[in-house]
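Read the structure below first, then the notes.
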Amino acid sequence: MASRTKNSIVNSSVSIITQILTVIINFAVKTVFIKMLGSEYLGINGLFSNIITMLSLADLGIGIAIPYSLYKPLALKDENKIQALMNYYAKIYNIIGIIVLMIGLSLIPFLPLLIKDMPNIANLSLIYALFVIHSASSYFFVYKKFLIDSDQKGYITSRIIFVFSTVLSIIQILILIITKNYLLFLISSIIMVIMQNIYISKTAHKLYPYIKKKNNQKLAEEDIKDIKKNVSALFIYRVGSVIVNGTDNIIISKFIGLVAVGIYSNYLLISTSITNILNQIFNAITSSIGNLVVTSNKNRSREIYEKLNFFNFWIYALTSICIMILINPFISIWIGEYYLLEKYIIFIFALKIYISGMQSVTNSFRNAYGLFWRAKYRPVIMVILNITISLLLVSKYKIAGVLMGTVISNLLTTAILDPYIVYKYGFESSSKSYYLNYIKYMIIFILILLVFNYLFSFIIITNIFTWILYALILFILVNIVLLLIFYRTEEFKYFYNKFIPTIKNKMRQIF
């Protein structure tokens, strides 16, 4: 247990630090991008990114199945099984890369159907083709990253990705300033993702020398059958996730326009940057959760799950409240009032972030237990609800209508069914306590959000220094309120007693 806690903290710490630095660098790139190329290129960038997200369906959810299949052989140090899995996944990912390339390029003739008003941008088809090539090239060698991450060494890949993304950002800023050439901007991304995956592959060879030896290790038929069963279920999950998260910009582009896509993409960049930082926490502990469910009993796993779910709530409630109140002043200072959305849209946007974030721990445990086959049709229902509600509401409520489709479909499906599956088939116990806590957390979140939104509505923020000041004040006040509400609970005491001493020791070692 001590080893798992240590690995989780190390992985989380490195991932969070590198992600924060990456976010800062990405904002620099985005700022230069907007200044040099303008809102139409911003809209194209957002739209094509969403189309590429849809193409990621080609991986069939294998990226989730790989860690699950590796947890046990890594814990048992079964090198032959690991070799066999790596050989199997190498073939699969090479095929996926080729499929993404072929399907992506075949969609070029249909691009005009996805854009309401075609922009006056040269080489539009070539720009899209470069997006496709970037996506396809990202699949080669990437499977070896999963081996490192599954072995609770995600901090290694986090550092590598940070270095390559930093170098890429510097190159792209120089390209934009010197040439203003969007094609060179995209080509640099393709080159860097290939170099990054090759480097991670070589790092995996150093950590696990046995995987680079020439071998003909093959998986047993039973293992292949198990993987195919999980992948077939994961594909449906993958479809649901990609369509729900990937269609927003496409619907906005079709029914509202590219400029609206560009404006919304700025909000998405900020929220995605922040949630990516938070995801590093939960991604970093996923391998430890995998180790936990393999080596511990179900009661212990449930206990840890409920403690982590409380931590999950605290993090995402705090984040969503801060985003709701601070995002418009930030965008106004950053790029101007022209790029602002109405306050009621921001409320739905913050609610979307909170509801989605509250699934983090549940997803980690569902994947760790390999419960992919259970409720495999849930994503289908979610997709139908999401698209139907979005299309019904987009004409009247514009961007807010699209966001409401995502929020409502998530609440009616993922928030209900996934925890039920984890409790019934993972912990083999009742999920009643989870739903009671979920409702309690939701009520507390909304009340705190409304109170602080009202209080901060009287404040006018005009520059980055006052924004930072009020951001710190809001951050501290929300934490104080949450502390006053929860400091006597068992969940809070667990985290205080478990992690605070470990973090203090780490800080002493660093400083």
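The values are calculated or read from the model by the stated rules, or taken from the named source; none is laboratory data. No experiment lies behind these values; they were computed from the predicted model shown. Glycine also receives a Cβ, built like all others from the backbone with ideal geometry; neighbour counts cover every protein chain displayed.
Mind listing just one residue for me: the one in the stretch 136-164 that is over 19 Å from residue 71 (Cβ atoms) and among the polar types (S, T, N, Q) and, of those, nearest to the chain's Cα centre (by Cα)?
Going through the qualifying residues, I end up with 158.
So that you can scan it fast, the table gives a plain yes or no per residue for (1) part of a loop (DSSP other than H, G, I, E, B); (2) surrounded by fewer than 14 Cβ atoms within 10 Å (Cβ to Cβ); (3) assigned by TED's automatic domain parsing to the domain that holds residue 331; (4) at pLDDT 95 or above:
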| position | (1), (2), (3), (4) |
| --- | --- |
| 469 | no, yes, yes, no |
| 475 | no, no, yes, no |
| 483 | no, yes, yes, no |
| 488 | yes, yes, yes, no |
| 492 | no, no, yes, no |
| 495 | no, no, yes, no |
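Between a residue in the stretch 366-381 that is closer than 13 Å to residue 412 by Cα and any residue that is at pLDDT 75 or above, which pairs come within a Cβ distance under 6 Å, given they are 6 or more apart or on different chains?
378/413; 378/417; 381/413
Condition test on residue 420, is it in the same structural domain as residue 359 (by TED's automatic domain parsing), at pLDDT 90 or above and not basic (Lys, Arg)?
yes
In the stretch 183-195, is there at least one residue being within 20 Å of the chain's Cα centre (by Cα), closer than 25 Å to residue 92 by Cβ and at pLDDT below 90?
For the stretch 183-195, residues within 20 Å of the chain's Cα centre (by Cα), closer than 25 Å to residue 92 by Cβ and at pLDDT below 90: present.
Closer than 30 Å to residue 301 by Cβ, without any contact (Cβ under 8 Å) to a residue 40 or more places away in the chain and in the same structural domain as residue 320 (by TED's automatic domain parsing): does that describe residue 443?
Spelling it out, residue 443 is indeed closer than 30 Å to residue 301 by Cβ, without any contact (Cβ under 8 Å) to a residue 40 or more places away in the chain and in the same structural domain as residue 320 (by TED's automatic domain parsing).
Identify all residues within the stretch 122-150 that are of a type in the set (A, V, I, L, M, F, W, C) and outside any helix (DSSP H, G or I); write none if there are none.
Across the stretch 122-150, the qualifying residues are 122, 140, 141, 142.
Which one of 324, 358 is crowded, with 20+ Cβ neighbours inside 10 Å, under 26 Å from residue 460 (Cα atoms) and in contact (Cβ under 8 Å) with a residue 40 or more places away in the chain?
Within the list 324, 358, the selection yields 324.
Need pairs with beta-carbon distance below 9 Å; first residue of a type in the set (A, V, I, L, M, F, W, C) and within the stretch 454-465, second in a loop (DSSP other than H, G, I, E, B); sequence gap 6+ or separate chains.
none
Hey, does the stretch 322-330 have a residue that's touching a Ser or Thr at 6+ places or on another chain (Cβ under 9 Å), within 21 Å of residue 409 (Cβ to Cβ) and assigned by TED's automatic domain parsing to the domain that holds residue 456?
Checked against the condition, which is being touching a Ser or Thr at 6+ places or on another chain (Cβ under 9 Å), within 21 Å of residue 409 (Cβ to Cβ) and assigned by TED's automatic domain parsing to the domain that holds residue 456, the stretch 322-330 yields at least one hit.
Please identify the pairs in which a residue from the stretch 337-354 that is farther than 25 Å from residue 412 by Cα has its Cβ atom under 8 Å from the Cβ atom of a residue that is aromatic (Phe, Trp, Tyr) and surrounded by fewer than 19 Cβ atoms within 10 Å (Cβ to Cβ), counting only partners at least 6 apart or on another chain.
Partner pairs satisfying both residue conditions: none exist.
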